[in-house]
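As structure tokens, the structure follows; a few thoughts come after it.
The values are calculated or read from the model by the stated rules, or taken from the named source; none is laboratory data. Because the structure is a prediction, the values reported are computed rather than measured. Neighbour counts run over all protein chains shown; Cβ positions are idealised from the backbone, glycine included.
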Amino acid sequence: MRAPRGLVLNFSDIAIEPFVPAEYLTAKNPNELITMLKKADPVFSKRVAEAKSKGNVLRYVASLEVKNKKPILQVQLKELPKDRPLGVLSGTGNKIVVVTAQNYSAEKPYIVEAPGAGPAVTAPQNIRRRDLFGATERKKN
């Protein structure tokens, strides 16, 4: 994988905090999975309440930082102020917030925002792919 500034990255370079503990994903069937995931409800409820009491929200965030020419990649659930760029994110939206020492500060970051998954976004994309595939197949014949 190539990253900005020619950094070479491997999946193993990413520190990932799973959204749920790995043992929750060992379920043998859907009902067992639901039962296991319900055990996480009190933990998440507590984290949500703690964040909310401080005026914050929880977001699952991927970050890339370069220190001494070495990439530091993290994916984790973070508590963020709800008035910051990632804090105001809602629904299935996706957002990239760029902060650099040279050009973009934390107060004035470069932001790219787009819709994520969901019927209004995913369904039209699938229809376009189907139509494109169909046109390609017709052209071959």
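The requirement of being out of contact with any strand residue (DSSP E or B) (no Cβ under 9 Å at 6 or more places or on another chain), loosely packed, with under 15 Cβ neighbours inside 10 Å and not assigned by TED's automatic domain parsing to the domain that holds Tyr110 is fulfilled somewhere in segment 76-86, by at least one residue.
Report, by residue number, each residue of segment 90-108 that is under 13 Å from Glu65 (Cβ atoms) and part of a loop (DSSP other than H, G, I, E, B). First the steps, then the outcome.
So the first thing to find is which residues in segment 90-108 are under 13 Å from Glu65 (Cβ atoms), and the list is 97-101, 106.
Within segment 90-108, Val99, Thr100, Ala101, Ala106 meet the criteria.
From the list Asn126, Asn141, Asn68, the lone residue that is loosely packed, with under 12 Cβ neighbours inside 10 Å, closer than 28 Å to Leu7 by Cα and at pLDDT below 90 is Asn68.
Confirm whether Ala117 is over 26 Å from Val8 (Cβ atoms) and part of a helix (DSSP H, G or I). So Ala117 does not fit the description; no. Might you let me know whether segment 18-40 holds any residue that is under 22 Å from Lys95 (Cα atoms) and in contact (Cβ under 8 Å) with a residue 60 or more places away in the chain? No: zero hits. Checking each residue in segment 40-60 for being within 13 Å of Pro81 (Cα to Cα) and not in a helix (DSSP H, G or I) picks out Lys54, Gly55, Asn56, Val57, Leu58, Arg59.
Residues in segment 78-91: is at least one modelled with pLDDT under 85 and either over 26 Å from Ile111 (Cβ atoms) or not aliphatic (A, V, I, L, M) (or both)? For segment 78-91, residues modelled with pLDDT under 85 and either over 26 Å from Ile111 (Cβ atoms) or not aliphatic (A, V, I, L, M) (or both): present. Just checking, does segment 20-40 include any residue being within 30 Å of Ile111 (Cα to Cα), outside the structural domain of Ile111 (by TED's automatic domain parsing) and in contact with a strand residue (DSSP E or B) (Cβ under 9 Å, 6 or more places away or on another chain)? No, every residue in segment 20-40 fails to be within 30 Å of Ile111 (Cα to Cα), outside the structural domain of Ile111 (by TED's automatic domain parsing) and in contact with a strand residue (DSSP E or B) (Cβ under 9 Å, 6 or more places away or on another chain). Being surrounded by 10 or more Cβ atoms within 10 Å (Cβ to Cβ) and either outside any helix (DSSP H, G or I) or small (Gly, Ala, Ser) (or both) is the filter here; which residues of segment 6-39 pass it? Once the filter is applied, which keeps residues that are surrounded by 10 or more Cβ atoms within 10 Å (Cβ to Cβ) and either outside any helix (DSSP H, G or I) or small (Gly, Ala, Ser) (or both), segment 6-39 yields Leu7, Leu9, Ile14, Ala15, Ile16, Glu17, Pro18, Phe19, Val20, Pro21, Ala27, Lys39. For segment 40-65, the set of residues classified as among the aliphatic types (A, V, I, L, M), under 17 Å from the mean Cα position of the chain (by Cα) and loosely packed, with under 14 Cβ neighbours inside 10 Å consists of Ala62 only.
Among the residues of segment 94-105, is there at least one that is in contact with a Lys or Arg (Cβ under 7 Å, 6 or more places away or on another chain) and either surrounded by 14 or more Cβ atoms within 10 Å (Cβ to Cβ) or of a type outside the set (S, T, N, Q) (or both)? No, because not a single residue in segment 94-105 is in contact with a Lys or Arg (Cβ under 7 Å, 6 or more places away or on another chain) and either surrounded by 14 or more Cβ atoms within 10 Å (Cβ to Cβ) or of a type outside the set (S, T, N, Q) (or both).
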